[in-house]
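The next block holds one structure in the form of structure tokens; read it before the comments.
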Amino acid sequence: MARLETDARIAVIGAGTMGAGIAQVAALAGHEVLLHDARGGAAAEAAERIRGQLAGLAAKGRLDSGLAQAAGARVSIADSLEALAPAALTIEAIVEQLEAKQALFRRLETILASDSLLASNTSSIPITAIGAALAHPGRLAGMHFFNPAPRMQLVEIVSGLDTDAATAATLHDTAAAWGKTPVHTRSTPGFIVNRVARPYYAEGLRLLLEQAGDPATLDHILRASGGFRMGPFELMDLIGHDVNFAVTCSVWNAFYQDPRFQPSLVQQELVDAGRLGRKTGQGFHDYRPQAQGPTPRLEAVRAAPADITLHGDSPAAQALADRLQARGITHRRAAAAPDQRIAGIGRAALYLTDGRTATRRAADNGQADTVLLDLALDFAQASCVAIAAARQAGADAIADAVGLLQAAGHEVARIGDVPGMLVMRTVAMLANEAADAVNQGVCTAQAVDQAMRLGVNYPLGPLEWADRLGAASIGTVLNHVAAAYGEDRYRLSPLIQHAIHSARPIHD
């Protein structure tokens with residue numbers, strides 16, 4: 001193993017939230033840590049916070065008190081950059097400005113030993129660009145922790161064009177020895193997580209712009225049906241719209257305004273208004289003291305329809321059958337239907353979305369009373385499902401579809417008739433972006449799935465989800481969405497095309 005041994009000293013520059021968190025991780029792993037900040041007293045304040053947090057963990061029984069005290073004692077203050085000279089690894093966590101990072105590392109090259117390693121915790125600045133200012137860029141790599149560093153498992157190990165393979169390997173194995181899960185990535189815009197996560201925000205924002213639903217309802221669907229820990233709007237509120245919008249703009253500009261990463265006018269307006277989310281009291285949701293919490297708009301309770309036929313054995317149809325049977329609701333089973341409907345309820349037909357709008361699908365099938373069902377992570381467990389109805393559909397048919405899903409124990413949220421709906425479209429775009437990252441050699445398929453599960457708590461890795469649905473289904477959805485909008489934004493990744501044409505999973 002190439003990891004640094006615990007007798008190697010670790011320097012951390014920048015004593016803010018991220019720097020202090022990284023210092024705590026290294027100290028708990030057994031290293032002496034030198035903490036430096038250009039602002040007088042900031043490093044000492046951070047060291048006290050670290051000791052307080054360690055003591056708090058010990059008081060709650062989450063950490064042995066002796067280990068907590070020892071780790072706290074291993075953090076010392078470096079009053080100058082020169083005091084960092086003994087460090088075997090120096091990690092910077094300063095302001096996200098290229099020139100500032102370049103100047104810092106140039107200075108460190110004159111102080112540190114020639115075999116001392118350099119790492120940047122940058123979340124968006126290319127490691128290649130930082131290293132371009134150095135005499136020996138081979139010893140520089142990215143070591144991108146996620147906030148809060150002591151709790152979040154993922155660390156992106158970022159190699160620039162000049163990063164030595166041995167440098168990246170040592171940082172990877174050191175992060176693993178610190179109890180983290182490191183993944184290798186090339187230095188491209190957004191690395192893995194900040195690149196692949198863009199569709200999670202972008203598709204929600206697009207649906208909001210098209211008035212398909214309000215933030216509370218869209219958030220609820222992605223949590224209760226999609227299995228995501230937070231919806232996109234509450235997550236953007238938590239991150240801060242100034243930060244999230246800036247990252248989106250950075251990635252968009254870095255990819256030369258690729259429409260896939262296009263920023264949203266909706267979020268721009270919030271930034272212009274100073275409604276930055278939780279930290280200002282208002283964002284998509286209202287966090288002021290007297291405000292009521294966000295409430296999703298759910299369909300009123302309908303009677304269970306008398307005439308229910310479930311078609312085929314797809315996961316959605318099977319889950320509906322099991323849930324209806326458990327609740328004693330009478331229904332019939334039938335073979336798969338030529339038009340791929342999941343259920344027939346009187347005159348109404350219920351289909352899983354394939355990327356077409358319900359209105360287009362109704363026209364294509366000659367079935368006016370068409371209702372679409374959005375994707376769920378697990379239809380057997382989902383507490384809420386989303387539907388969209390064709391413009392041609394009658395009110396009674398829509399009510400029957402709602403009644404069927406409610407009789408199966410689901411909450412039902414109706415959204416506007418947009419291509420691909422919400423969960424399906426979001427998952428397909430996440431998988432597509434992850435596939436492009438792999439296809440372009442940014443990381444492996446295993447790394448991207450691991451990164452998205454651990455870095456942003458997705459219920460499945462995007463490519464794992466694509467393999468579960470089948471690459472052909474992802475392709476069908478995105479091709480239909482692309483046709484509806486006529487935009488290059490929804491173009492299909494070559495890697496997914498290869499999986500379709502080879503009839504082999506992406507993880508093969």
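Listed values, structure above:
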item: Test: C443 is outside the structural domain of A317 (by TED's automatic domain parsing), touching a residue at least 24 places away in the same chain (Cβ under 8 Å) and either closer than 26 Å to P232 by Cα or of a type in the set (G, A, S) (or both); result: yes
item: Identity of the residue in region 252-290, without any contact (Cβ under 8 Å) to a residue 60 or more places away in the chain and small (G, A, S), that ends up surrounded by the fewest Cβ atoms within 10 Å (Cβ to Cβ); result: G274
item: Members of region 151-180 that are in contact (Cβ under 8 Å) with a residue 60 or more places away in the chain, surrounded by fewer than 17 Cβ atoms within 10 Å (Cβ to Cβ) and among the charged types (D, E, K, R); result: D173
item: Subset of region 406-451 (residues that are hydrophobic (A, V, I, L, M, F, W, C) and in a loop (DSSP other than H, G, I, E, B)); result: A408, I415, V418, M421, L422, V442, C443
item: Any helices (runs of 4 or more DSSP H) falling wholly within region 160-241 and containing at least 2 residues that are touching a Ser or Thr at 6+ places or on another chain (Cβ under 9 Å), closer than 18 Å to R3 by Cα and not hydroxyl-bearing (S, T, Y); result: 165-177
item: Residue within region 286-303 that is touching a strand residue (DSSP E or B) at 6+ places or on another chain (Cβ under 9 Å), in the same structural domain as A368 (by TED's automatic domain parsing), within 26 Å of L222 (Cβ to Cβ) and not hydrophobic (A, V, I, L, M, F, W, C) present; result: no
item: Hits in region 128-151 (condition: among the basic types (K, R) and touching a Leu at 6+ places or on another chain (Cβ under 6 Å)); result: R139
item: Condition check for V266: modelled with pLDDT of 95 or more and either under 18 Å from the mean Cα position of the chain (by Cα) or closer than 30 Å to E411 by Cα (or both); result: yes
item: Given (1) surrounded by fewer than 24 Cβ atoms within 10 Å (Cβ to Cβ); (2) part of a loop (DSSP other than H, G, I, E, B), index of the condition L67 fails; result: (2)
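The values are calculated or read from the model by the stated rules, or taken from the named source; none is laboratory data. Note that the structure is a prediction, hence the values are computed from the model and not measured. Don't worry about glycine lacking a Cβ; one is built from the backbone with ideal geometry, like all the others, and counts go over all protein chains shown.
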